[in-house]
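The structure appears below as structure tokens.
The values are calculated or read from the model by the stated rules, or taken from the named source; none is laboratory data. Given the structure is predicted, the values throughout are model-derived calculations rather than measurements. Cβ coordinates were reconstructed from backbone atoms using ideal geometry, including for glycine residues, and neighbour counts include every protein chain displayed.
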Amino acid sequence: MIKKFLCNSTDIDLSSSLDGGQSFRWHKFENGFHGVINNKPYFIFQKNKKIFVESEEINNSDMDIIVSYLSLDFDLKKLSKKFINNSYLNNLFQKYYGLRILNQDPWETIVSFITSSVSNISKIKKNINDLCLINGEKIGKNKYDYSFPSPIKIIDFGENNLRKIGFGFRSPYIIDACKKVAEGNILIDQIYDLNYDDALFQLTRINGVGRKVADCILTYGYHRKDVFAVDRWVRRGLVNKLGYSEKLNNEKLSIIARKKYKNESSYVQQYIFFGEKS
């Protein structure tokens, strides 16, 4: 196994970043987390005050991919200082500093956040990992070291089998996403180049994908910082702590907050979510 220094422990909080509801294929092990990035297994862990990454092979290109995935190239310290005059947000950024938004694969994120509808983190993790164990390809020695299955693989697996392994009412939505992507009706790589409204429109063409799920996909799968996903936790923070009207529905709250925070939206949303949920 090869071990390489990644960053100082103050640069990222592994627990909140890898196991806080953004991604569902990281597994706690001793002093770190085992997971898959770009179809390659890694163990990311803390030793003393340093963060290391370990795998059977790690080259410079792998390190660049890991840094990008963990958003270590984003100046979190500079962002956190912008909210020093807002006691609520300043407290969140101080208390949970090191929480970073992951830069994940869009296809995996689409399936994961369709799965997240009316669910919880532990159940989503089980669903997604079962899907990979059954339909993915073995890529390492750990029991969770499987690739994420392609749309065609999931179509072949079928809606009934998705239901059998716990996807329930979300099963036809996942199959619809697979078909639209496989048939080229939704070109997921081109969504990177679209403005927010057009990207939202494309994703909500998938059955079962509303604004909140689409916003999560854009935040975690497309690494967009101009997105403000609102669920019950974020709503609570906006209404109870930041004074937004409780009469506003989640879509209106998202629109107003996104307009206010612009390219800082996704990080403000993420820190509110984590703070209110903790």
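Structure above, values below:
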read-out: Extreme residue, farthest from V239 (Cα to Cα), among residues of the range 253-278 that are in contact (Cβ under 8 Å) with a residue 12 or more places away in the chain and among the basic types (K, R); value: K262
read-out: Looking only at the range 8-41, and only at residues there that are of a type in the set (D, E) and in a loop (DSSP other than H, G, I, E, B), the one that is surrounded by the fewest Cβ atoms within 10 Å (Cβ to Cβ); value: E30
read-out: Number of the exception - I255 against (1) within 25 Å of I188 (Cα to Cα); (2) aliphatic (A, V, I, L, M); (3) touching a helix residue (DSSP H, G or I) at 6+ places or on another chain (Cβ under 8 Å); (4) assigned to a helix (DSSP H, G or I); value: (3)
read-out: Cross-chain or 6+ apart pairs with Cβ under 9 Å, the range 35-46 first and assigned by TED's automatic domain parsing to the domain that holds S16, then modelled with pLDDT under 95 and among the hydrophobic types (A, V, I, L, M, F, W, C); value: F43/M1; F43/F29; F45/F29
read-out: Selection count where residues are touching a residue at least 12 places away in the same chain (Cβ under 8 Å) and either among the acidic types (D, E) or touching a Pro at 6+ places or on another chain (Cβ under 6 Å) (or both), scope the range 177-208; value: 5
read-out: Test: residue in the range 14-25 that is under 17 Å from K143 (Cα atoms) and not small (G, A, S); value: yes
read-out: Residues located in the range 133-150, provided they are surrounded by fewer than 21 Cβ atoms within 10 Å (Cβ to Cβ) and within 22 Å of N207 (Cα to Cα); value: S150
read-out: Residue ranges of helices (runs of 4 or more DSSP H) in the range 58-126 with at least 2 members among the aliphatic types (A, V, I, L, M) and more than 15 Å from the chain's Cα centre (by Cα); value: 60-69, 76-80, 87-95
